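A short write-up of the structure that comes next.
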Amino acid sequence: MLSFQEIGFRYTGAEEPALVDVSFAVEPGAYVVLLGANGSGKSTLARLANALLLPDTGHVEVDGLRADERATLRTVRGLVGVVAQDPDNQIISATVLDDAAFGPENLGLPRDEITRRCAEALATVGLLGFEERDPNTLSGGEKQRLVIAGVLAMDPSYLVLDEPTSMLDSEGRAEVLAAINALRARGHGILHITHDLDYAHDADKLLVLQAGRLVFEGAPDTLLQDEEKLIAYALQVGSGDVTPRQSPCQPRPLAPPDPSLPSLLLRDVAYTYSAGASFAHDALKGADLTVAAGSYTLISGHTGSGKSTLLRIAAGLLVPTSGTTGFSDGSAVTPGTVGIVFQHPEVQLFAQTVGEDILFGPRNLKMDTTGIVDSVLAAVGLEPRRFAQRSPFTLSGGEMRRVAIASILAMRSRFLLLDEPTAGLDAQGRAFVHRLIDELVRQGTGVVVVSHDLSEFVSRAHVHLLLQKGRLYVAGGGAGAGSTAKAGGSAVSATGHLHVAGGA
Amino acid sequence: MALAVPFGQYVPGTSAVHRLDARFKLLIVTSFVFALFMVDGWTGLLLCAVLLLGAYLLARIPLKLALRGFKPILVILIFTFLANTLTLSAGGDAGALTSDLAATGLVAPNFGALPDSIALIGSFGIKPLGALRGLYFVLRILLLISITSLLTFTSSVVALSDALTALMRPLAVLRVPTEDIATMFSIALRFIPLTAEEAEKIMVAQSARAAVFDKGGLIKRARAWVPVMIPLFVNLFRRADELAAAMETRCYTGRGRTHLKVYVLKVSDLVIGCCGALFFVAAGIFL
Ligand SMILES: Nc1ncnc2c1ncn2[C@@H]1O[C@H](COP(=O)(O)OP(=O)(O)OP(=O)(O)O)[C@@H](O)[C@H]1O
Ligand SMILES: [Mg+2]
C-alpha cells in the first residue's frame, strides 16, 4: 500500500502551504485518479510519493517502509515510480534502449536482468523495435511511453503519473492511455494525476485536491454525476460561464462579415524545409485560407500536418516557398498586424514586471502605450493594480498564460492566431480562453485557433478546416460546408484543394 | 511538426571505416593529429593527405561533404596563406625568411634558385617560399578538419560518446568521476538539440512581438537578445530541476552502476587500431 499520512508541505518562501493534512492510500493493483485545478498541489503530491520532496508534517509509507528514511530510500524509489508531465525533461540517454536501462543500471543489476527488464518494459508500452532510436526523433506519445518504460524497468509496485498526457496530441494521448491500461493489466497500483474528467470514469477510487486539501475521496460515479460538486471543486465551470455548446461537430453559422474590413488571405501557400537538400520536407503543399474580420476558424490536424508552419506563414514570420500572403486591401502582413499566441506562450515572458513585458510589442511597434497595460490586463481577467508591477516569474501557470496572451493583445492586431491555447489549463483556464476568444470575435477580430481537441472548439468556431499532409480541407458537413463558407461572403474558404474530408 | 535540429553529421554506411570500433577510430584520429603536428616537411604531410584521401574513398563519403566543412574557416585559410605570401619589405632582408623556415622546422623542397621575394609595387611584393609555407599551413588545417569530419561522418554521436566513455573508464581508478562524466555526455547529446530548438521557438515568438535581431550597432544587437536569453535560461533551470527529479526517481547516484552495453573487442579492430596508431606516431616522429 502506498499511503500518505497527514501530509503537510510548504515550499520555502511560499506564503500558503501547498498541501494541508492530506491522507489517503493507493492499494496494490488499484487505479486511483487524482483530480484538481491548476496549482491545487497535485505535482507536489507526486514528488512526495517517492521522497523527491520530504513533507513538513506527516509521512509517506510504501508497503510498510517509511519514504523519508535514508536506509530505505532506494527501496522506496524502486517501489514507487514517478512519471511527470514533460517527457523531454525525463529522458536521459541518447538511445531508447539505453534510457530504459538507466534505472536498472543504477540499481546495479546484472546484465541479463537489465536486458530482460528492458525488453519487458518496452513491450508493455509498445516500443519494441524502437531500441536504437534517438529519443529526440520520437513523437510526444512515444517519448512519454519511453519515460513510463524507464520507470517500469525498475519493477515498481506503484506508479504515480503526473498529467502524463497533458503535453500530447490526441494520438499521443491514446497511446499513453493504452500503456496505462497495460500497466493496470499487469497489476501495478496506479495514481493517475490529471485535471481531465474524461479519465476519471473507470477509476477504482477518485480523489480531489483543492487548494492543497483533499476534499473528496470516493467512487467516481458519486462525484461525476454531481455537477454542483464538480463546480465547487473547480473541476468544471457553470454552464452560464461559457457560450453553450451546440450539437457537437457542427460549426455555428457566421453572419456575413462587414465587407469594408479587410480579410487575411493566404493563396496557394507552400513551404519546403531544407529545400534542395536530399532530406527536403514539404510541410505545406498549396494551402488557401481566407480569414474575414470577426470570423472564427478552427484548424485541426495531426502532428506533422504542417499546422505550426501554416501559422508562422500566416503571421508573416516565415516566407512561403511559393504562394502569397496579405490582406484583401492589398497591404502586407507585418509583425503586429497579425498577432500569434504560440503553444505554451508563457515561455516568452522575460521582463522584470508584467507591465514591461506587455509593452514589449507595442514599444517595438512604436505605438502610443498609454493605457495599454491596464486595458489588456483587464481583458485577460487580471486586476491591473495587483499584477502590473509583479515579476512574471512569480505567477502561477494559469496567470502566466493570461499575461502572455495579454502581451499579444497589446499590439491591437486585427487578426489573432492561437496555437493550442488551452493546453495544460484547467476548467477555469479553459473557460477563460473561450470567453476571451468569443469577445474578440464579437469585437471584429479575425481569429484562427489551431487545436487537435475537436470536441472543445468545433461548436464554438464558425468554420472548421482540416490540415492533412500539407493541404487544407473543409471538414465535416460535406461539400455544402465549403460552398456555404464561400457563399457567406468568402468568410473562410478552403478551395484550391477542395477535397472534402468524409465526403469524397 | 518541429523538425529535430540535426546534430552531428553521421552519414550511415557499412564501409570498413564505418564498422571499425569507434574507440580505435578515436585512437587513430588522435595519432593522426599527433603526426600532423609533428612531421617536418612535405613528405610526411603529403603521406597523411594521401592516406586520408584513401580513407574517404574507402568510407564512400562524397568529398563534397568534406569540402562543405571548410566553408566556415575559408577566411582563416585565405588569411593564413596571404599572411605568409605577401611582404612589405620585398628586396630587403634576404636572410629572414630562410631563418624563419628553419625556426618552424619546415624544410622547403629544393626548387632551385627561388628568389626570396619578388617586388610588385614598391616594397610590396610576394615571397615564393612564404607562399609555399602558407600552403603547408593551409593543408595542415584542411587535413585536421577533414580527419575529424571523417570521424563524425562515419560514427554516430552515440557511438562516439560511448567510445569516449569506454576509453575514460580506466580513469575511475584515479577517482575521476567517469560515471558522472558519461552521464553528462548523454544528457548533453539530448539537450543541446532541444535547447537549440527552444531558442529558435522563443526567437520566433519575440519576432512576433516585433523584436528585431539583425539591425543596429553591436550593443543594440546584443540587447535584442535579452528577451531570448532570459526565457531560455529560466526554462533551462526548470528543465534541469525536472531532469534531476527524473534521475533521482530512477535511483541515479553515479556509484555502483552496472552497464547494459558491453564493449566487445574484435581482434581485427584491435590490430587495425593499434597498427594505425603506431604508424602515425612513428610517422610523426621520423618524418
Ligand atoms: N518550486 C516551487 N516553489 C515555490 N512554490 C511552488 C513551487 N512549485 C509549486 N509551488 C506552488 O505550490 C502550489 C502547488 O503547486 P503544484 O505544482 O503542486 O500544483 P498542480 O496541482 O500540480 O498544478 P498544475 O495543474 O498547474 O500542474 C502552487 O501554489 C504553486 O505555485
Ligand atoms: Mg502539476
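Numerical summary
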item: Residue match in segment B:152-164 (condition: closer than 30 Å to B:F79 by Cβ, surrounded by 15 or more Cβ atoms within 10 Å (Cβ to Cβ) and of a type outside the set (G, A, S)); result: yes
item: Residue check for A:G41: away from ligand 2 (no atom under 13 Å from the Cβ) and either touching a residue at least 12 places away in the same chain (Cβ under 8 Å) or over 22 Å from A:Q85 (Cα atoms) (or both); result: no
item: Hits in segment B:211-220 (condition: within 8 Å of chain A (Cβ to nearest Cβ) and either surrounded by fewer than 17 Cβ atoms within 10 Å (Cβ to Cβ) or under 32 Å from the mean Cα position of the chain (by Cα) (or both)); result: B:V212
item: Output for segment A:1-48, where each listed residue is in contact with a Ser or Thr (Cβ under 6 Å, 6 or more places away or on another chain) and away from ligand 1 (no atom under 15 Å from the Cβ); result: A:Q5, A:E6, A:A25
item: Residue satisfying condition, being surrounded by fewer than 16 Cβ atoms within 10 Å (Cβ to Cβ), away from ligand 2 (no atom under 16 Å from the Cβ) and not basic (K, R), within set A:T303, A:T334, A:T309, A:T297; result: A:T334
item: Some residue of segment B:221-235 being within 30 Å of A:R70 (Cα to Cα) and either facing chain A (nearest Cβ under 7 Å) or without any contact (Cβ under 8 Å) to a residue 40 or more places away in the chain (or both); result: no
item: Condition check for A:R252: at pLDDT 85 or above, basic (K, R) and within 30 Å of A:T297 (Cβ to Cβ); result: no
item: Extreme residue, farthest from A:C118 (Cα to Cα), among residues of segment B:236-263 that are in a helix (DSSP H, G or I) and within 7 Å of another protein chain (Cβ to nearest Cβ); result: B:R239
item: All positions within segment A:312-331 that are in contact (Cβ under 8 Å) with a residue 60 or more places away in the chain and either surrounded by fewer than 23 Cβ atoms within 10 Å (Cβ to Cβ) or farther than 16 Å from B:A211 by Cα (or both); result: A:A314, A:T325, A:G326, A:F327, A:S328, A:D329, A:S331
item: Selection from segment A:52-67 of residues that are within 16 Å of B:C251 (Cβ to Cβ) and either away from every other protein chain (no Cβ under 12 Å) or surrounded by fewer than 17 Cβ atoms within 10 Å (Cβ to Cβ) (or both); result: A:V62, A:L65, A:A67
item: Every residue from segment B:248-283 that is touching a residue at least 24 places away in the same chain (Cβ under 8 Å) and farther than 18 Å from B:L151 by Cβ; result: B:Y252, B:G254, B:R255, B:R257, B:K261, B:L265, B:K266, B:L270, B:L278, B:A283
item: Residue in segment A:49-67 that is on the phi < 0 side of the Ramachandran plot, within 13 Å of ligand 1 (Cβ to nearest atom), modelled with pLDDT of 90 or more and not in a loop (DSSP other than H, G, I, E, B) present; result: yes
item: Subset of segment A:98-121 (residues that are facing chain B (nearest Cβ under 7 Å), more than 21 Å from B:E248 (Cβ to Cβ) and outside any loop (DSSP other than H, G, I, E, B)); result: A:R111, A:T115
item: Any hit, segment A:25-45, residues being within 23 Å of A:P164 (Cα to Cα), assigned to a helix (DSSP H, G or I) and in contact with a Pro (Cβ under 8 Å, 6 or more places away or on another chain); result: no
item: Residue in segment A:21-39 that is in contact with a Leu (Cβ under 7 Å, 6 or more places away or on another chain), among the acidic types (D, E) and either away from chain B (no Cβ under 14 Å) or over 20 Å from A:V176 (Cβ atoms) (or both) present; result: no
item: Out of A:P164, A:P156, A:P135, sole residue that is closer than 14 Å to A:G81 by Cα, within 12 Å of chain B (Cβ to nearest Cβ) and crowded, with 20+ Cβ neighbours inside 10 Å; result: A:P156
item: Within segment A:185-198, considering residues that are surrounded by 19 or more Cβ atoms within 10 Å (Cβ to Cβ) and not in a strand (DSSP E or B), the one nearest to ligand 2 (Cβ to nearest atom); result: A:H195
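The values are calculated or read from the model by the stated rules, or taken from the named source; none is laboratory data. Please read all numbers here as calculations on a predicted model, not as lab measurements. Note: ideal-geometry Cβ built from the backbone for every residue, glycine included; neighbour counts use all protein chains shown.
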